[in-house]
1. Check which residues have an amide H placed less than 5 Å from G136's amide H, if you skip close sequence neighbours.
2. Can you tell which of S159, S12, S32 shows the greatest fluctuation in a Gaussian network model of the chain with Cα springs below 10 Å?
3. If the only charges are +1 at each Lys and Arg Cβ and -1 at each Asp and Glu Cβ, what is the size of the charge dipole of the stretch 158-297 around the Cα centre, to the nearest 20 debye?
4. Would you kindly derive the ³J(HN,Hα) couplings of the stretch 362-368 from the backbone phi angles with the Karplus curve 6.51 cos²θ - 1.76 cosθ + 1.60 (θ = phi - 60°), listing them in order in whole Hz, with x for Gly and Pro?
5. Expected output is a single nm value to one decimal: the length gained when fully extending between A53 and L11, i.e. 0.36 nm times separation in residues minus the C-alpha distance. What is it?
6. Based on the alpha-carbon gyration tensor of the stretch 154-312, what equivalent-ellipsoid semi-axes (square roots of 5 times the eigenvalues) come out, in whole Å, largest first?
7. Any cysteines in the chain with zero other Cys Cβ atoms under 4.7 Å from their Cβ? List them, or say none.
8. Fewest Cβ neighbours within 10 Å first, please rank K190, K201, K117 accordingly.
Amino acid sequence: METGTQPRTQLSESLMPTLPGHHYADPEIFASEQARIFEKYWFAAVRTADLPAAGNFRTVQVGRESVLVVRDRKGNLGAFLNVCRHRGAQLCAEPTGSLRNAVRCPYHAWTYGLDGKLIAAPNLETMPDVDRSAYGLNKVALREWLGVAWVCLADEPPSFSETVIGAVTARLGDAEIIDAWQIDKLELGKRITYEVKANWKLIIENFMECYHCATIHPELTEVLPEFADGFAAQYFVGHGAAFGEDVQGFTVDGGAGAPKLETVTDEHDRRYYAITVNPQVFINLVPDHVILHRMYPVAADRTIVECDWLYAPEVVASGQDLTKSVELFHRVNQQDFDACERCQRATLSRSYRDGGVLVPSEHHIGAFHEWVRTQLWPDELTEGAQFDTVM
Ligand code: FES
Ligand SMILES: [Fe+2]
């Protein structure tokens, strides 16, 4: 035992170890996660409805790369590395905006079509040997699902159906169930962007368990009484947490929300489903809306979380007051992120050098830890790298 540190406690069967504290704070480990997780898996980059017209773009940090997502003249979304093929200037510095017909590099004016093709460059005609088709923007794989453009930087992206859709299947028992919410047709009622001073893994771990619900989520446990028991009701495949008897809607005071989405069946009415899609998306389904979280990890100790509240188009168009509906999960977010920040501040304490422990209702988080370790150190761990998709 080193002076001033705690000896590693022998764990009982009820307790499993977490990751060591420095895994949440070490910039080198974060850099490995950027390379081996965020640049390898499908990453929910942008809501497609945020880019409605040709030329609309958004730049998104994915791992160590800036990715430009842009809608072309044909209406298709494309994703490209945001780097000029001439001398490497970053093309679009703004997080979002609109291009006219092309992406023009601000340095020497190489100009690319909205489909990424090199269409012009000063003096290009004096270089007839240059094959301009070889100097288009480098493409990034893109898939649209649930109204989201998912991008992947891997040379050979993992199967979208196994990783992204598979996470939904694992949670709901059948991926087609989510179709009832028609998420791609919903409209934005509210977006709140949170800057969380915590490691992305703390945010995922927190979302995966409900042991904390009774302590920090008074409003949520009023609406979903089974969450007060501390056991992650989401642990059971296909189970949705039932609304309390007197609860009318998923709102901060349990009062009525919007009408149930027409295509959501009675079986899923008055229930809440939470889904984690590895490594940065949470989907929350309730009868009248969807709450979609996308995490953008920016440093070992900092994560931007963009949270969208999505409703039926007619609800948004009606101008209905959604304040109480939004307020419930906004409070949950604040309560959760405060807790994550509280943990982050202690990650480098000698007390947490070896990490902490998981109680039985949190044991499924151990599978997430193993999944992370397997991505970072594939030679050291070979089995059991399942990623549980429970709250
Ligand atoms: S770096 Fe882009 S045109 Fe020169
Ligand atoms: Fe929570």
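Rule-based calculations on the coordinates, nothing more; no lab input. Keep in mind it's a predicted model, so treat the numbers as computed, not measured. Please note: Cβ atoms are built from the backbone with ideal geometry, for glycine as well, and neighbour counts cover all protein chains shown.
1. For G136, the qualifying residues are L118.
2. Ranking S159, S12, S32 by mean-square fluctuation puts S12 first.
3. The dipole of the stretch 158-297 has a size of about 600 debye.
4. Values per residue, Gly and Pro as x: 10, 4, 5, 5, x, 5, 5 Hz.
5. Answer, rounded to one decimal: 9.4 nm.
6. Numbers: eigenvalues 116, 79, 52 Å².
After diagonalising the Cα gyration tensor, the semi-axes are 24, 20, 16 Å.
7. Lone cysteines by the Cβ rule: C92, C152, C307, C340, C343.
8. Values: K190 19, K201 25, K117 14.
Ranking K190, K201, K117 by Cβ neighbours within 10 Å, fewest first, gives K117, K190, K201.
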